[in-house]
Amino acid sequence: MKGRKLDWNILRGILGALVVVIAVIICMVTSSQKDRTTPTGKNGIFVTIEQYYNDDNKFEKIVYDPDTMVMYAIIDGKLMTPLYNEDGSFRTYSPE
């Protein structure tokens, strides 16, 4: 019985170390991608339409891609999601 318990402890330690390594890799990848998804105005990838702090005190930007005119919301510089119309199609920006 002791041999099996020792093997489980070794396996649990290896799995724990593997989880830590994967978490570090994910953090490194997401932090390097953060700068690529942050709009920089007309000189960058996206054009900013408006920016404000939401009810949760997180900074939000509404931007659009000048090539496709598709609008996106960027929340707290970390989460980027396209905006959709009621019928499920992408919301596009149309200058007034």
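Of all the C-alpha pairs in the stretch 39-96, what % are more than 16 Å from each other? Counting pairs separated by more than 16 Å, the tail of P(r) holds 42 percent. Ranked by the mean number of other Cβ atoms within 10 Å per residue, highest first, peptides 69-75, 16-22, 87-93 order as 69-75, 87-93, 16-22. With each label modelled as a point 7 angstrom along the Cα→C-beta vector, the GLU86-THR48 pair spans 3.2 nm. Close amide H partners of LEU83, meaning residues 5 or more places away or on another chain with modelled amide H under 5 Å apart, are MET71, TYR72, ALA73, ARG91. Given their separation in residues at 0.36 nm each and the Cα-Cα distance between them, ASP56 and LEU11 gain 12.0 nm when the chain is fully extended.
Each residue of the stretch 53-65 is assigned a 3J(HN,Hα), and the resulting list reads 9, 7, 5, 8, 6, 9, 6, 10, 10, 10, 10, 9, 8 Hz, derived from the Karplus form 6.51 cos²θ - 1.76 cosθ + 1.60 (θ = phi - 60°), x at Gly and Pro.
A short reminder: the numbers here are calculations on the coordinates, not readings from a lab. It should be emphasised that the depicted structure is a prediction, and the values quoted were computed from it without experimental measurement. Note that we place each Cβ from the backbone using ideal geometry, even for glycine, and neighbour counts take in every protein chain shown.
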